[in-house]
Structures are given as structure tokens and as C-alpha cells.
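Report on the structure given below.
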Amino acid sequence: MSRSITTLSQKAVSVDIKQLCKRFGSYDVLHDVSFSIQPGEIFVIMGPSGAGKSVLLRCMIGLEKPTSGKILIEGLDASEQSTHQKLITSMVFQSGALFNSLTVFENLAFYPREHGAYHNKNELTEKVFYTLKILSLEKAAHKYPSELSGGMKKRVAIARALIMEPQLLLYDEPTSELDPTSSANISELIGTLKEEFGVTSVVVSHDRDLSLSIANRIALIIEGKVRILATPKEVRESQDPVVQDFLNPKIDIHNPRFRKTKENL
Amino acid sequence: MSFIANILEEIGSCIILFLRSLQYLPTLFRQKMRLIDYACNIGYATFPIVAILSFFIGAVLALQAGYSLSKWEGAKQYLGSIVGLSMCRELGPVMTAFLLAGRVGSAITAELASMTVYSEVDALITMNVPPPRILVMPRLVAAALMMPLLTISSIVIGWFGGMVASKYVTFIGLNPAIYWDSLKNLVDAKSVSDGLIKAEIFGLVVALVCCNTGLRTKGGPREIGTSVTHGVVFSMILILLLDYFVTKILM
């Protein structure tokens, strides 16, 4: 790749999560979650469905306000909209959240246009096609999201996030609903982007292969609490039965999990 | 009690959305293409149905009034005044607003509700693009620009419909010159301007309520349908309520 999308003035950012609690009604989704993410790191948040991973991500991007505790991005409060104006943060949604009324090209051009980033039309077109080329999406430029496959939608969503030149890039289940090859493709893409652009990446996933292969560190969240925070190697070698059960669940149709009591799990 | 609280809460959120949208008015020039698109949808695309409805309302009004007035000698000459005043003071603005709610308001709510449910609005927020700036403000301006034009068209076409009915229906058989003279005698500039003031208020209310309902949608596809019904019904109720109070104020 001959040139980077990110500009030299922007650098990857750190994230500090301090005693974060999030409650919806009487239900505690996140309880006393604390950890730090280093600049330029690929940090994977794993956990079973409903563990609070996506809520944590939404708190980081400012879409949800914590009930208590704080998330600081480069020392700035993530729940304040001004933080996301000073620092460029971007999110790849689980559904892609592409604008269905716009083509792929227009989806990518949307952010630069809205922020008046390019006054020259040709420059913007060049930038969009350059970003599409990185993700091998040039041929899809004039298609609408409804005409794309699941894997392509995810890549377009990543391209749209990437064109913002983010300092912090959040991925919500980037490989969900994808076949194994497309999942591997997206995992490689996330790992490559970190090497190419040095952006801090936070990936929420329950994809074991993705997490163990591309993460610098992994946090496993079970029932709203951090169960383990370690490198992929340490997580793999953990003796904690809950961690092992999450990573290597054994399928036993004679004694299924849904018939076990909570104590026996 | 919670029903009233919900209504008050919804009216409050509409007012907040309106004020938040107003602060983005300076960005209107940059969004001129979006404004033109919305204005075409609200004005040009709604015009045919407004024209058809207004013609027949005017015609039926003349028919009904003509039938009653034909029982009294000489009373038919006031038919133009009756149709003229009814169309410009009441029927033109209210029926156009109802059509706007049904045709444009439902589409606005459906579009914004599906954008909300499928995280497109969240995506806008993460891109530092406030939803009121691009989704609400241009629609409010488009409604404010198009509603008076639609209403004046509705009024004129309604008058014309009344004239056609009063000329060609045999038991009325009124000379068009008498119809127009009678209309001009009673319909003054204030009658028309009062109608247009009402129309402007109704247009803004429809656009605002439908945008607000769409952006407040939570859930899935079923809730999108529920929101569309709610947005249209709520804006129609507000039109009727405001019609009474605005008429009282303008008297």
C-alpha cells in the first residue's frame, strides 16, 4: 500500500474503563467493569450472548450513558459528544447500519461530504475509490446495500468507518452471520488495518478463532463482569473452567446445559 | 393518567426536536439538494391527489349547498360565497394537511423509524452528524415552503370544482359569472391569508410529529408499522385541535 489513509497528525488513542456499571431498569448489564486499552492495540471483548459486550461498546462510542463509572478516551469522557468531535471514533455495527437509500460510494462519501472534508469532487472520488480498493470493493461502488452479500456489507461498513480516519475503531460482532471463509477474511482485514494504520481497535465478538488469532489482549465478560483479561495465549491456557467451557464447549446431548441447574454448570 | 403523561411527553419531545432542528437552519444552503428532494416529494408528488380531492370537495360542496339553496328563490346566487369561504378558510387547509399526513407523514415516519430500528440513526450519531440536522430540519423547511403552495392550489381548484358543479347540475344551473361575483364579494385577502397561516402551521406540525415519531421508534418491523399509524393519527388529532384554536385566534 503506497499511502496511508490516516494523517500523521492523528494518533491511536488509549481507553480507560473505570468501574463501569450499566443498568436497564432493574437489570444490571455491566457490573464494575474496569480495564485499560493501550494505543494501537487490538483488544477483543468476548463473552456469551447477552453478557453486555455490545452495551459496553455503545458506552464507549457515546450511544449509551453509563449508570456509574467512567470511560475515558485519551482522558476525555466518552459519554460527552464533544469527546467524539475532538477525537475521531468510529464504529462498525453488527448489522452494518449502512444507509440503505444510498449506494456504496455514497455511503463512503457521506462522512467527508457532511464534514466538508473535501472541496474538490475529484479528490473525494479518488479517496472513496482508494478506500474501496483496500477492501476489494471497487466493483460494488454503485450498488445499493440490499444488493450486497453479508460479507460485502461488513466490508463496506468497515470501509465507511475507515474513511473517517478514526483513532479508535470499534467493531460489533464483525464476523457474525458470516461463513468461515468470510469470517477469516474479515479477521485478516481487522488485523491488517491495525498494522497499516495503527488505529486502536476494540472488537466485540464471540468468534473464538478471530479473537485468538488477531487480539493483543482479550477480556472475557460473563454476566456483566470481566472473568479474565489476558493475552490470547494466557486465555487459551487458563485453568478457569468457565473460560474453558466458553472456549471449548463440549456438546453433550445426554446431559444438556439447558437442563442443568446454575450451580451444576 | 399515564395516557395524558405520554401525550404531554410526546408534545414536549416534539418541541425539543423543533428547537434542536432550528439551530441547524444555517446549514440549509449546504443541504439544498436534500431540501429540493424533500420539497419535490412533499409538493410536486402530493399535488395530483390534492387537486383531485379539492376539485371534488368543491363540487360536492356546491352540490349539497345548491340543493338546499334551490328551495329558496334567489338564494343560489350565494353559492360562490359559500364554496369560496368554506374552501379557503377551512376545507382547503385542513384537507391538504390531512392528505399531507396520510401521504407524506406516513412515509417520513416509516423511513425514520426503519433508520432508527436498523441502527442507521446510531451510525449518524457516531459520525458526528446530528440526526435533526439532516433528517428533520430540511423536511420542516420543505413542508413550510410547500404547504402554502399546495393549499392555494387546493383552494383555487376547489372553487373551480364548485363552479363546474353549479353550472352543469341541472337543478342548480348557475351562471359562472354570478358564481365568481358572489365568491369575490365575500372572499377577501384576509380569508385567504388566514387559510394559508393555518396551512403553514398544519404542515409544520405534520412534518414535526412524523419525524419525532419515527426517531422515537424502538423495537423491530412491527413497531415501524405501529409508529406509522401513531404518527399519522397523532398529527391528524393535532390538526383538528389546532384548527379550532388557530381559527379562534384569527377571528
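So the values come out like this:
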| item | result |
| --- | --- |
| Residue match in the range B:17-35 (condition: of a type in the set (Phe, Trp, Tyr) and over 24 Å from the mean Cα position of the chain (by Cα)) | yes |
| All positions within the range B:77-106 that are of a type in the set (A, V, I, L, M) and more than 14 Å from the chain's Cα centre (by Cα) | B:Leu79, B:Ile82, B:Val83, B:Leu85 |
| Selection within the range B:66-77 - in a helix (DSSP H, G or I) and either charged (D, E, K, R) or open to solvent by less than 20 Å² (accessible area, probe 1.4 Å) (or both) | B:Gly66, B:Ala75, B:Lys76 |
| Test: residue in the range A:64-87 that is within 27 Å of A:Ile222 (Cβ to Cβ), out of contact with any helix residue (DSSP H, G or I) (no Cβ under 9 Å at 6 or more places or on another chain) and among the basic types (Lys, Arg) | yes |
| Which numbered condition A:Pro39 fails, given (1) within 13 Å of chain B (Cβ to nearest Cβ); (2) open to solvent by 50 Å² or more (accessible area, probe 1.4 Å) | (1) |
| When residues of the range B:121-170 are limited to those that are open to solvent by 10 Å² or more (accessible area, probe 1.4 Å), within 10 Å of chain A (Cβ to nearest Cβ) and not β-branched (Val, Ile, Thr), the one farthest from the chain's Cα centre (by Cα) | B:Asn128 |
| Wholly enclosed strands (runs of 3 or more DSSP E) of the range A:151-234 bearing at least 1 residues open to solvent by 10 Å² or more (accessible area, probe 1.4 Å), touching a residue at least 24 places away in the same chain (Cβ under 8 Å) and within 28 Å of A:Lys18 (Cα to Cα) | A:168-172, A:217-222, A:225-230 |
| Residues satisfying the stated conditions in the range B:35-51, i.e. of a type in the set (A, V, I, L, M, F, W, C) and within 23 Å of B:Met137 (Cβ to Cβ) | B:Leu35, B:Ile36, B:Ala39, B:Cys40, B:Ile42, B:Ala45 |
| Residues being within 14 Å of chain B (Cβ to nearest Cβ) and modelled with pLDDT under 90 - total across the range A:115-153 | 6 |
| Among the residues listed as B:Gly105, B:Gly80, the single one being touching a Leu at 6+ places or on another chain (Cβ under 8 Å) and either part of a helix (DSSP H, G or I) or among the hydroxyl-bearing types (Ser, Thr, Tyr) (or both) | B:Gly80 |
| Selection within the range B:23-34 - within 12 Å of chain A (Cβ to nearest Cβ) and closer than 11 Å to B:Ala142 by Cβ | B:Gln31, B:Arg34 |
| Pair list, Cβ < 9 Å and 6+ apart or interchain, from the range B:54-83 residues that are hydroxyl-bearing (Ser, Thr, Tyr) to residues that are open to solvent by 70 Å² or more (accessible area, probe 1.4 Å) and outside any helix (DSSP H, G or I) | B:Tyr67/B:Phe171; B:Ser70/B:Phe171 |
| Yes/no for A:Lys70 being more than 10 Å from every other protein chain (Cβ to nearest Cβ), open to solvent by 30 Å² or more (accessible area, probe 1.4 Å), touching a Ser or Thr at 6+ places or on another chain (Cβ under 6 Å) and not polar (S, T, N, Q) | no |
| Near pairs, Cβ below 6 angstrom, 6+ apart or cross-chain, from the range A:45-63 (open to solvent by 30 Å² or more (accessible area, probe 1.4 Å)) to any residue that is part of a loop (DSSP other than H, G, I, E, B) | A:Arg58/A:Glu64 |
| Test: residue in the range B:88-99 that is within 14 Å of chain A (Cβ to nearest Cβ), out of contact with any Lys or Arg (no Cβ under 7 Å at 6 or more places or on another chain), open to solvent by less than 30 Å² (accessible area, probe 1.4 Å) and modelled with pLDDT of 95 or more | no |
| Looking only at the range A:81-95, and only at residues there that are more than 21 Å from A:Leu193 (Cα to Cα) and more than 7 Å from every other protein chain (Cβ to nearest Cβ), the one that is most open to solvent (accessible area, probe 1.4 Å) | A:Lys86 |
| B:Ser182 being away from chain A (no Cβ under 14 Å) and within 24 Å of B:Phe47 (Cα to Cα) | no |
| Selected residue (only one of B:Thr27, B:Thr46 is open to solvent by less than 40 Å² (accessible area, probe 1.4 Å) and within 15 Å of B:Pro131 (Cα to Cα)) | B:Thr27 |
| Whichever residue in the range B:171-209 is open to solvent by 40 Å² or more (accessible area, probe 1.4 Å) and of a type in the set (Val, Ile, Thr) and, among such residues, is farthest from B:Ala97 (Cα to Cα) | B:Ile178 |
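Condition check ((1) over 22 Å from the mean Cα position of the chain (by Cα); (2) of a type outside the set (A, V, I, L, M, F, W, C); (3) on the phi > 0 side of the Ramachandran plot) across all residues:
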residue	(1), (2), (3)
B:Leu186	yes, no, no
B:Ala189	no, no, no
B:Asp194	no, yes, no
B:Phe202	no, no, no
B:Val206	no, no, no
B:Arg222	yes, yes, no
B:Thr226	no, yes, no
B:Val232	no, no, no
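The values are calculated or read from the model by the stated rules, or taken from the named source; none is laboratory data. The structure displayed is predicted, hence computed values, not measured ones. FYI the Cβ positions are ideal-geometry reconstructions off the backbone, even for glycines, and counts take in every protein chain you see. Surface accessibility is based on the protein's heavy atoms, side chains included, excluding ligands, DNA and RNA. Shrake-Rupley method; radii C 1.70, N 1.55, O 1.52, S 1.80 Å.
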